[in-house]
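These notes are about the structure you will find just below.
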Amino acid sequence: MSILKNKVAVVTGAAVGLGRAYAEALAEAGVNLAVCDVRDEVMELPELLADDGVKVLTSQGDVSDPKHVKSVVDGACEYLGGIDILINNAGVWGASTADDDLDKSIADYESIVGTNLKGEYLFGRAVIPIMLAQARGGDIVNIATDHMVTCGTPDHVCPDLESCPWGESPRPTGGGDAMDLYDAAKWGLNGLLYAWAKSLAPHGIRVNAFCMGATDSWMLRSFHGHNPPQEEVDSWMRAEDNARVLIELLEEGPSGRNAQNINFCIGRPVALEAPNDHRYVRAEQVKVIS
Ligand SMILES: NC(=O)c1ccc[n+]([C@@H]2O[C@H](COP(=O)([O-])OP(=O)(O)OC[C@H]3O[C@@H](n4cnc5c(N)ncnc54)[C@H](O)[C@@H]3O)[C@@H](O)[C@H]2O)c1
């Protein structure tokens, strides 16, 4: 039986794509869920997950709206008995370049930074005081991208760089010059990752991030007008494999890795890579709650 059984997770952006795969994998491990999304399909999850025998609380709303965030978190506390796991997954993609006009840039900021950075920040701020008050540890996983690890986190360059199929070592941000704001929002997650991991380690709360390359999802298919060439699809990673690794990460428990950007690169197996040293969180700072 998974050590996750009967825990409670909040999963944002759970209607489709990776978020739905995370919700499915968590439910299979026996985790009760508070799932939210702007899309209607989030309401399908209780029926979809009924066979897993877990409780599923659904909410429709925008992660950049503090009122929505509060209602999801309050609901999880009231109906599910607290929060042990936060999967900060909701994300949007958008093209943006250095010479975009100001009106487009302001709209982009609201949408791209609003979802990919503000949403994760607000959910963290809403959930962390609850985890601290519960005093039973916890896990936060921010869903980032390979765009901001650029073949290694800011301080750990990928050991397999020489054999990388991309051939550029290390490549610049994955978005090149066409996604400056998406990349900036995701890079911003490093600030939350390191600061939260350091301050929460003494309370048995781990904070990690997933940094994946192309993974089959609604978002990725939208780049190809929802009709991607099969050859392209075959090269992508699978959301359910990524979700399996999420469960593996959570099952490491409180003494597991912390403050890590965990990479998933196309052309390699979707697996939990070996942890790096804790550069930001020293072992003696970590409280292990059993
Ligand atoms: N699929 C990939 O290749 C890939 C690669 C790198 C990173 N990511 C990241 O993974 C996460 C999931 O992406 P995906 O590929 O599954 O995308 P997706 O579009 O398939 O799913 C994203 C979900 O988030 C929801 N969402 C978007 N904006 C929201 C908002 N403001 N409030 C609430 N919900 C919102 C969407 O409605 C959708 O259900 C994102 O953070 C994305 O940036 C994905």
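Points worth noting:
- Applying the set (1) away from the ligand (no atom under 12 Å from the Cβ); (2) modelled with pLDDT of 65 or more; (3) surrounded by 13 or more Cβ atoms within 10 Å (Cβ to Cβ) to Gly152 leaves exactly one unmet item: (2).
- Residue in the stretch 118-127 that is surrounded by 23 or more Cβ atoms within 10 Å (Cβ to Cβ) and hydrophobic (A, V, I, L, M, F, W, C) present: yes
- Subset tally (residues that are of a type in the set (Val, Ile, Thr), in contact (Cβ under 8 Å) with a residue 24 or more places away in the chain and farther than 30 Å from Pro202 by Cα) for the stretch 227-266: 1
- Pair list, Cβ < 6 Å and 6+ apart or interchain, from the stretch 176-192 residues that are under 14 Å from Asp99 (Cα atoms) to residues that are surrounded by 22 or more Cβ atoms within 10 Å (Cβ to Cβ) and of a type in the set (A, V, I, L, M): Leu181/Ile112
- Some residue of the stretch 269-277 being under 21 Å from Arg136 (Cα atoms) and either touching a helix residue (DSSP H, G or I) at 6+ places or on another chain (Cβ under 7 Å) or among the hydrophobic types (A, V, I, L, M, F, W, C) (or both): no
- Some residue of the stretch 205-212 being open to solvent by 10 Å² or more (accessible area, probe 1.4 Å), at pLDDT below 95 and touching a Cys at 6+ places or on another chain (Cβ under 9 Å): yes
- Hits in the stretch 158-192 (condition: at pLDDT 70 or above, outside any helix (DSSP H, G or I) and open to solvent by 80 Å² or more (accessible area, probe 1.4 Å)): Pro159, Asp177
- Of the residues making up the stretch 275-282, at least one is in contact (Cβ under 8 Å) with a residue 40 or more places away in the chain, among the hydrophobic types (A, V, I, L, M, F, W, C) and assigned to a loop (DSSP other than H, G, I, E, B).
- Filtering the stretch 230-259 to residues that are at pLDDT 95 or above, within 16 Å of the ligand (Cβ to nearest atom) and part of a loop (DSSP other than H, G, I, E, B) leaves only Arg238.
- If you go through the stretch 81-92 and keep only what is open to solvent by less than 10 Å² (accessible area, probe 1.4 Å) and either of a type in the set (A, V, I, L, M, F, W, C) or away from the ligand (no atom under 16 Å from the Cβ) (or both), you end up with Gly82, Ile83, Ile85, Leu86, Ile87.
- Selection from the stretch 93-111 of residues that are within 16 Å of the ligand (Cβ to nearest atom) and open to solvent by 50 Å² or more (accessible area, probe 1.4 Å): Trp93, Ala95, Ala107, Tyr109, Glu110, Ser111
- Only one entry in Gly91, Gly82 is touching a residue at least 60 places away in the same chain (Cβ under 8 Å) and more than 22 Å from Asp146 (Cα to Cα), namely Gly82.
Conditions tested, residue by residue: (1) over 17 Å from the mean Cα position of the chain (by Cα); (2) closer than 27 Å to Asp108 by Cβ; (3) more than 10 Å from the ligand (Cβ to nearest atom).
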{"site": "Thr12", "(1), (2), (3)": "no, yes, no"}
{"site": "Ser64", "(1), (2), (3)": "no, yes, no"}
{"site": "Lys70", "(1), (2), (3)": "yes, yes, yes"}
{"site": "Asp74", "(1), (2), (3)": "yes, no, yes"}
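- Ala133 away from the ligand (no atom under 16 Å from the Cβ), surrounded by fewer than 19 Cβ atoms within 10 Å (Cβ to Cβ) and modelled with pLDDT of 70 or more: yes
- In this structure, His226 does satisfy being within 23 Å of Thr115 (Cβ to Cβ) and over 15 Å from the mean Cα position of the chain (by Cα).
The values are calculated or read from the model by the stated rules, or taken from the named source; none is laboratory data. Everything numeric here is computed off the predicted structure, so don't read it as measured data. Here Cβ is always computed from backbone atoms with ideal geometry, including for glycine, and neighbour counts include all displayed protein chains. Accessible surface areas use protein heavy atoms only, side chains included; no ligands, DNA or RNA. Shrake-Rupley method; radii C 1.70, N 1.55, O 1.52, S 1.80 Å.
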